[in-house]
Amino acid sequence: MTQNRIISHLCRANILGFMRGVINIVFFVFMIFVIYRCAHPVMPSGGMKDTKPPEILKTEPPNKSARFATNKFTITFDEFIQLDNITQKVLISPPMKKLPDFKVKGKSLQVKFMEDLRPNTTYSINFSDAITDITEGNAILNYTYIFSTGDRVDSMSVSGDVYNAFDLKPVENVSVMLYKDDNDTIPLDSMPFRVQPYYLSKTDKNGHFVLTGLANVPYLIFALNDLNANYIFDQPGEDIAFLDSLVQPEYIVPMEKDTSISDSSVFVPDSVFLENPQSLIDSLDQDSVKQYEHQETNYELFLFNQKDSTQKVLGTRLLRKNVVEFAFAWPAEDVDIETLNFSADTLWYLVEMSPDKDTVMWYIKNLPVDTLDFLIMHGADTLDRFFQRLSPIEMLAKNRNKKKDKEGKKEYLKFTSNIKGTLRLDKSADLVFDYPVAKVISDSILLVEGSDSTYQPEFYFSDSLHLKMVFPLKLKEETRYALVIPDSSVIDWNGLHNQEKTIGFTTKSLRDYGIFVIDLKPAQEINYILQLMTDKEVVKRETCFSSDTTITFNYLMPGDYILKVIYDANGNKKWDSGNYIYEIQPEKVDFYPKKLTIRANWEVQEEWRLE
């Protein structure tokens, strides 16, 4: 019995010890969870969704302080915050070589500068949407902390919009930069190429920008799509915009006071927030500062890609067998192309230029060599030298694998057509061949009209190389046609002939089309290009004019259209980009303010007065 009691007592002791251990472990885990929840607050479950961004309770030193003598500042919020991609979103003016150190401590953000600040300079730090709460990611939009290392805070502003020069769409995330004329060795207009700007902003999704904290002096303004993020125009692919004159900042009275300002004693008379704004206006040069009650100037910049003025070869390629394409930066009338490893007394190649004359095509006869050594010269300058195969590599491989087959796969003369099922009543039927045509057996080509009418259509070649064959047809409404090109009816200069092909198409009724008439009344007689485009901005019709005129577009398919005018300053019948070096703005474009809706069997007439 005594032994049983001892065993029972030991068992109860072990169980109690085990239970105490379990309780201690549970308590320990619970305390860790409580501590973690305190250190890492999360959104409470239930209730309405939080949509408010954090509010600023105070800044130290206060925002818009003068005589800033420290190397850091702190912003305190009413809730816990986090930073979203701060190194990419923050904008600092003037730009710094080293980004500040950003540290979040609970409900505070500390910003510490990693380089010395310039004396007597107003700085602005725009956080864009990088500061958010930790629950729903609600962002404070475009909060800017401003301070001055001098005795006063510059309080002027410049604002505006950046548009794509070709289509007038707003451009987002473009750097807009200001330069002071304060460099003894670099001219003001050369600064975008060589130095970082004095002030910097970026456009929002609407293309809008605002630069604040500016001194009351004129600035050179320059916009840059900065591909390498160095705030210098040094890449050929970087789009730019500029104005023909300097910009003068203005004083803009803010709509409401910054609640983060708690100590007004740090402000000087030209601080941004004054109880009497007119006192600031009276103290400044009245010729250069507009009265605060007037609407501020909104500058418009038009972004374009500046072409390098140097002639160069952009690329060469074998378009297809015996056809070599040369692409140049500029029109190539004064470019010489020659071959170093082959020449002949007879005509062995033909040259075609694109309408803009910046692309050259060589059509080459069958030669005893399979590779040509090309030399391209521009005056005394060698632009390029390269070796070009005259057959695609896959074709050469096939020929090697078919040595036993003397004929191999037969080659034919190929062509494309503008006929895509339906042909407009006023259009011709066009065939474009891969190679210059040497012979046409004209009486073999037939046009079938309806089910029983057949005749031989007239045709002509619209180019000197005989590449494009045009059939000027007299088409009837709601009729089925077939253009029959028999086998071997067209032969090129290498002896290739076509395979038989029948191209079927139909025509619509006149009632299926709409008509658009536009009365154009330009303010001045210069060269214009009028483009009628689909709502996807695909050009369907284009014509030129220079004075008051009425233009009619017939045979329009029903749908929505856009009307665009290009102010063709140089009269070359195309839109041209600008050039900052030569102070040439891109050619102006304008869009008709109304969307045009064309209906079947309906005529629309409009008037457009151009400025």
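Side notes on the structure shown:
- Condition check for residue 583 on (1) at negative phi; (2) open to solvent by 60 Å² or more (accessible area, probe 1.4 Å); (3) not hydrophobic (A, V, I, L, M, F, W, C): one failure, at (1).
Table: residues versus (1) open to solvent by 40 Å² or more (accessible area, probe 1.4 Å); (2) over 24 Å from residue 555 (Cα atoms).
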position	(1), (2)
466	yes, yes
471	no, no
482	no, no
491	yes, yes
501	yes, yes
510	yes, no
515	yes, no
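- The residue that is farthest from the chain's Cα centre (by Cα), among those in segment 517-528 that are surrounded by 13 or more Cβ atoms within 10 Å (Cβ to Cβ) and farther than 17 Å from residue 606 by Cα, is 526.
- Some residue of segment 385-398 being of a type in the set (Phe, Trp, Tyr), modelled with pLDDT of 95 or more and exposed (fewer than 11 other Cβ atoms within 10 Å of the Cβ): yes
- Taken as a whole, the structure leaves residue 608 outside the set of residues that are in a loop (DSSP other than H, G, I, E, B) and not β-branched (Val, Ile, Thr).
- In segment 191-223, the residues that are over 23 Å from residue 583 (Cα atoms), more than 17 Å from the chain's Cα centre (by Cα) and part of a loop (DSSP other than H, G, I, E, B): 215, 216
- Filter pass, residue 598 being of a type outside the set (Asp, Glu), at pLDDT 95 or above and under 30 Å from residue 310 (Cα atoms): no
- For segment 566-597, the set of residues classified as touching a residue at least 60 places away in the same chain (Cβ under 8 Å) and either within 30 Å of residue 476 (Cβ to Cβ) or among the hydrophobic types (A, V, I, L, M, F, W, C) (or both) consists of 575, 581, 589, 591, 596, listed by residue number.
- In segment 452-463, residue surrounded by the most Cβ atoms within 10 Å (Cβ to Cβ) [restricted to those that are closer than 18 Å to residue 438 by Cα and over 38 Å from the mean Cα position of the chain (by Cα)]: 459
- For residue 382, the stated conditions hold: it is modelled with pLDDT of 95 or more, closer than 19 Å to residue 308 by Cα and open to solvent by 50 Å² or more (accessible area, probe 1.4 Å).
Residues are listed down the side, and each one gets a yes or a no for (1) in contact (Cβ under 8 Å) with a residue 60 or more places away in the chain; (2) in contact with a His (Cβ under 8 Å, 6 or more places away or on another chain); (3) surrounded by fewer than 16 Cβ atoms within 10 Å (Cβ to Cβ):
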{"position": "62", "(1), (2), (3)": "yes, no, no"}
{"position": "66", "(1), (2), (3)": "yes, no, no"}
{"position": "84", "(1), (2), (3)": "no, no, yes"}
{"position": "87", "(1), (2), (3)": "no, no, yes"}
{"position": "103", "(1), (2), (3)": "no, no, yes"}
{"position": "108", "(1), (2), (3)": "no, no, no"}
{"position": "116", "(1), (2), (3)": "no, no, yes"}
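- Members of segment 573-589 found to be over 23 Å from residue 192 (Cα atoms) and part of a loop (DSSP other than H, G, I, E, B), listed by number: 573, 574, 575, 588
- Cβ-Cβ distances below 6 Å connect the following pairs, each with a first residue in segment 180-205 that is within 18 Å of residue 229 (Cβ to Cβ), a second residue that is open to solvent by less than 40 Å² (accessible area, probe 1.4 Å) and among the polar types (S, T, N, Q), and a separation of six or more residues or different chains: 199/93; 200/93; 202/175.
Table: residues versus (1) modelled with pLDDT under 90; (2) closer than 29 Å to residue 230 by Cβ; (3) of a type in the set (S, T, N, Q).
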position	(1), (2), (3)
45	yes, no, yes
53	no, no, no
57	no, no, no
60	no, no, no
64	no, no, no
101	no, yes, no
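- Meeting the requirement of 1 or more residues that are over 28 Å from the mean Cα position of the chain (by Cα), the strands (runs of 3 or more DSSP E) wholly within segment 52-150 are 56-60, 72-77, 81-83, 101-105, 108-112, 122-126, 131-133, 144-148.
- For segment 535-557, the criterion of being open to solvent by less than 30 Å² (accessible area, probe 1.4 Å) and not in a strand (DSSP E or B) is satisfied by no residue at all.
- Checked across segment 466-484, the condition of being without any contact (Cβ under 8 Å) to a residue 24 or more places away in the chain and closer than 23 Å to residue 322 by Cα holds for no residue.
- Checked against (1) in a loop (DSSP other than H, G, I, E, B); (2) under 24 Å from the mean Cα position of the chain (by Cα), residue 532 passes all but a single condition, namely (1).
- Residue, farthest from residue 507 (Cα to Cα), within segment 429-483, restricted to residues that are among the basic types (Lys, Arg) and assigned to a strand (DSSP E or B): 439
- For segment 162-178, the set of residues classified as assigned to a strand (DSSP E or B) and open to solvent by less than 20 Å² (accessible area, probe 1.4 Å) consists of 162, 175, 176, 177, 178, listed by residue number.
- Enumeration of residues in segment 435-448 that are surrounded by fewer than 16 Cβ atoms within 10 Å (Cβ to Cβ) and over 30 Å from residue 324 (Cβ atoms): 442, 443, 444
- Residue pairs meeting the criteria (Cβ under 7 Å; at least 6 apart or on separate chains; first farther than 30 Å from residue 476 by Cα, in segment 543-565; second of a type in the set (S, T, N, Q)): 546/527; 564/531
- Filter result for the condition that a residue is at pLDDT 90 or above, surrounded by 18 or more Cβ atoms within 10 Å (Cβ to Cβ) and of a type outside the set (Val, Ile, Thr), over 189, 154: 154
The values are calculated or read from the model by the stated rules, or taken from the named source; none is laboratory data. These numbers come from a predicted model, not from an experiment. Every residue, glycine as well, gets a Cβ built from its backbone with ideal geometry; the counts of neighbours run over all protein chains shown. We work out accessible area using only protein heavy atoms, side chains counted, and drop any ligands, DNA or RNA first. Shrake-Rupley method; radii C 1.70, N 1.55, O 1.52, S 1.80 Å.
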